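Enquirer: Quick one: structure below, then a few questions.
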Amino acid sequence: MIVSKKGLMPILFAFIIILTSNIANASSEITEAEAEMQPFWQNISDVTVNLSITNGKAELAAAVDGYQGVNKITAVAVLERLNSNGTYTEIARWDNIRSDTRYLNWTSTRYVAKGYTYRFKFIATAYKDGVGETVSASKSAKAY
């Protein structure tokens, strides 16, 4: 099949349009994937925290799941109250939280004053082969 110069131009033009549209679609897919990216840790597969306040009673919960080989997790939990100037005041702290397995589940309760917003921060370090990896998570809730 012989194609003249006039016949080759529309074919090249169509090819360029198809190629360009595929590149544009690929770049939008990358953007969506980047928006859904999760942190990657060496020792920890998941960290969750929860803070719920009902009738002035704050219920705090945290869980850390380590990968295979993690043999110790230590943590600190902090409950803070939001001040009117935007700063936080620590109102309770739990040190020396520890698990000698690859899982750590922790809960506690504390009575708090109504009308304030509170923030629960959980900082955990998971140890694997003597190397610690620290992560933190937080959750806020208002006391009504």
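The values are calculated or read from the model by the stated rules, or taken from the named source; none is laboratory data. Being a predicted model, the structure only gives us computed values, none of them experimental. Cβ atoms come from the backbone with ideal geometry, glycine included; neighbour counts cover every protein chain shown.
Enquirer: Would you confirm, using the coordinates I've provided, whether Ser108 is touching a residue at least 40 places away in the same chain (Cβ under 8 Å) and not acidic (Asp, Glu)? Reasoning before the result, please.
Expert: Working: touching a residue at least 40 places away in the same chain (Cβ under 8 Å): yes; not acidic (Asp, Glu): yes.
The answer is yes for Ser108.
Enquirer: Would you mind telling me which numbered condition in (1) among the hydroxyl-bearing types (Ser, Thr, Tyr); (2) modelled with pLDDT under 60; (3) surrounded by 15 or more Cβ atoms within 10 Å (Cβ to Cβ) Tyr88 fails?
Expert: With (1) among the hydroxyl-bearing types (Ser, Thr, Tyr); (2) modelled with pLDDT under 60; (3) surrounded by 15 or more Cβ atoms within 10 Å (Cβ to Cβ) applied to Tyr88, the lone miss is (2).
Enquirer: Against the condition modelled with pLDDT under 95, under 17 Å from Thr125 (Cα atoms) and surrounded by 11 or more Cβ atoms within 10 Å (Cβ to Cβ), how does Trp94 come out, does it pass?
Expert: Against the criterion (modelled with pLDDT under 95, under 17 Å from Thr125 (Cα atoms) and surrounded by 11 or more Cβ atoms within 10 Å (Cβ to Cβ)), Trp94 does not qualify.
Enquirer: Do you know which residues across the stretch 34-93 are touching a residue at least 40 places away in the same chain (Cβ under 8 Å) and of a type in the set (D, E, K, R)?
Expert: Lys57, Glu59, Lys72, Glu80
Enquirer: State all residues of the stretch 74-100 that are hydroxyl-bearing (Ser, Thr, Tyr) and within 22 Å of the chain's Cα centre (by Cα); if no residue qualifies, say none. Lay out the reasoning, then the answer.
Expert: Taking the stretch 74-100 as the starting set, the residues that turn out to be hydroxyl-bearing (Ser, Thr, Tyr) are 74, 84, 87-89, 99.
Listed by number, the residues that qualify are Thr74, Tyr88, Ser99.
Enquirer: Exactly one of these conditions fails for Asp65: (1) part of a strand (DSSP E or B); (2) at pLDDT below 95; (3) acidic (Asp, Glu). Give me its number.
Expert: (2)
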